[in-house]
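Working notes, structure below.
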Amino acid sequence: MNSEKAVSVIMMMAAFTVALFWFSPSALAFFGEVSDPRTLAMGSAGSADPRGVESFHLNPASLAHIRNHRELSAIRQILDESSRADRITYGQHMRTGGGLGLTFSQMVDESIQQRDDQGALKGFFDFRQRELNLGYGWFGSSRIALGGVWKYRSESYPGSEATGRALDFGIMADLASNFRAGLVLRNLDASMKSDSAAGSFTKFLDQEIGLGLSWKRGLTILDMEAGKKESDTWRFRAGVEKSFGDALALRAGWDSENVTLGCGIRIKNMFFDYAYLPGSLESRALISMKLKFYRLDFFRELTGGKKAEQSGPALYEANADMVTVLDGKLTAAISSSDFREAEVVLLKLMSIEPNNFSWPLKLADIRVRTGDLKGARLVFQNISSRTLDPGLATQTRKAVRDIDALLFTKAAASLSSGEMPEAAAGHIALAELALAQKKYASAIVSLNNAMAVAGPDPVLLLKRSMALIGIDSTGEAVVDLEHIIAISDSPEICREARLLLEDIGRRGGLIGNRDPASASGIAAPARTGHDDSFSNYDKSPGEIVEGI
């Protein structure tokens, strides 16, 4: 971002904050707790729903879900002419892969009465409470987000000051079938120390626990939560949000006592949220405003070079619109059999929702349908190594075995054809399969057989040298690599051979002190014995991904 854009952003933020805090409508739900209207409209449930930077007050693990953008949110709550509460929240994606959140909030009550010993009113004094929160969230694994918040609070009124610190800790876990669970512990090791003319004392704050479950499908979100303070009973909350495109969202909830309602409106990268609380005694509504700033290079790539300042904010919304736009493009690409475009869209979806395994499963399905079995195998391997769902891990490992069996069957058919080119291709396919499975000795045998048919091909020699390195036969690998450099006309292959030679040298290989007679012959006798564990395999490619 150049200096002109930076100045524009700073001025925009400053103007937005000043406008909000001087001219925002009078509204407050519950004085004493600065809550955003989206949360209130959904019954204050949300410990399992990463809605944006505001939700790190509900569960700090939600900060891990801030990707490719920055957010600034400001709220003013007004109870009456002498009581108000303000909060400014900022969050951004970090280069470390996590998300950082910072909040400053202040609550002021200028209407507290001061009376003498006889109960006569002497006047009014101010009570002020300020709080600074600093939080960080990150992904502990592909499907589990962790987060923590350090909180500093100060309270003041005439003749007395109190300060305290506390910690919050949260976890969010992605479950199967669009479900996410959340756990949050608030006010860990929390206390307030007060100093006044009468002396000092320490007050310990109630610890809290919240257990949440959210379900998301398309543009609909359902949240449920059970929470309990240390000295209170369990409270149950629930909320639902239905979005219509990227411009309007309707919300409703229940917070154990009252029904709540609300809506959200989006104008470019500005968001307005409104909550209506019919059960509250003194106030009825709450309004807030929020700005989002996006990584322009990310949207320039997504939109194929279009002007990111115009297209980015309209395309990206982590929970709804960006995924919806791309999902529509994916459906259109598959319907028109444009599988190359479908792969491009799926890779973008996987970058936005790395923990949603439905996208790589669709990618593997497309690769199987287009005959790219090796590419599909890599995707299935990646899913099985990352998922925490035992059922999905078992299914994807089975798909890998099915693909291996199909590749073996095709290779065996090539070997039985009797034609020289096809036989060489069959040996090469077996070698690549063995290399993918890290069965280096089997790969060497297949590569020797291939070169017995096709001759000392530099590509095959390079593959054999890698297999030899895999079984620590570095002396034989050096012979192959030097032979590649001597016979190959390809700069790329020669460069790869030199890099491997340098790597062997760094690791103390046998360069310059080897026995050439120990090298495997280029045209070693062909061996026809094969692993028959996949014999009589008759599964078609389309059956591999069926049922996953």
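The values are calculated or read from the model by the stated rules, or taken from the named source; none is laboratory data. Keep in mind that what you see is a predicted model, and the values were worked out from it rather than measured. When we count neighbours, we look across all protein chains shown, and the Cβ atoms used for this are built from the backbone with ideal geometry, even at glycine.
Is there any pair with a first residue in the stretch 124-146 that is closer than 30 Å to Ile112 by Cα and a second that is at pLDDT below 85 and crowded, with 18+ Cβ neighbours inside 10 Å whose Cβ atoms are under 6 Å apart and which are 6 or more apart or on different chains, and what are they? Close Cβ pairs (under 6 Å, with a partner that is at pLDDT below 85 and crowded, with 18+ Cβ neighbours inside 10 Å) amount to Phe127/Asp109; Gln129/Met107. Restricting the stretch 120-135 to residues that are in a strand (DSSP E or B) and hydrophobic (A, V, I, L, M, F, W, C), the residue that is farthest from Val53 (Cα to Cα) is Leu121.
Filtering the stretch 54-70 to residues that are within 21 Å of Gly253 (Cα to Cα) and at pLDDT 80 or above leaves Ser55, Phe56, His57, Leu58, Asn59, Ser62. Looking across the stretch 435-460, the residues that are without any contact (Cβ under 8 Å) to a residue 40 or more places away in the chain and crowded, with 23+ Cβ neighbours inside 10 Å come down to Ala443, Ser446, Leu447, Ala450, Leu460.
Select from the stretch 380-399 the residues that are without any contact (Cβ under 8 Å) to a residue 40 or more places away in the chain and surrounded by 21 or more Cβ atoms within 10 Å (Cβ to Cβ) and write down the one among them that is nearest to Leu435 (Cα to Cα).
Of the stretch 380-399, the ones without any contact (Cβ under 8 Å) to a residue 40 or more places away in the chain are 380-385, 390, 393-394, 397-398.
Okay, now just the ones that are also surrounded by 21 or more Cβ atoms within 10 Å (Cβ to Cβ), so 380, 383.
Values: Phe380: 17, Ile383: 20 Å.
Looking at residues that are without any contact (Cβ under 8 Å) to a residue 40 or more places away in the chain and surrounded by 21 or more Cβ atoms within 10 Å (Cβ to Cβ), I get Phe380.
When Val7 is tested against (1) part of a helix (DSSP H, G or I); (2) touching a Phe, Trp or Tyr at 6+ places or on another chain (Cβ under 6 Å); (3) at pLDDT below 80, just one condition goes unmet, and that condition is (2).
Filtering the stretch 333-366 to residues that are more than 17 Å from the chain's Cα centre (by Cα), surrounded by fewer than 16 Cβ atoms within 10 Å (Cβ to Cβ) and among the small types (Gly, Ala, Ser) leaves Ser335, Ser336, Ser337.
Across the stretch 197-214, which residue is modelled with the lowest pLDDT among those that are surrounded by 11 or more Cβ atoms within 10 Å (Cβ to Cβ) and closer than 18 Å to Gly159 by Cβ?
Filtering the stretch 197-214 for residues that are surrounded by 11 or more Cβ atoms within 10 Å (Cβ to Cβ) and closer than 18 Å to Gly159 by Cβ, the one modelled with the lowest pLDDT comes out as Phe201.
Of all residues in the stretch 156-182, those being surrounded by fewer than 18 Cβ atoms within 10 Å (Cβ to Cβ) and assigned to a strand (DSSP E or B) number 10.
Considering only residues that are charged (D, E, K, R) and in a helix (DSSP H, G or I), which ones fall in the stretch 428-474? Working first, answer last.
Step one: list which residues in the stretch 428-474 are charged (D, E, K, R), which gives 432, 438-439, 457, 463-464, 472.
Those that are charged (D, E, K, R) and in a helix (DSSP H, G or I): Glu432, Lys463, Arg464.
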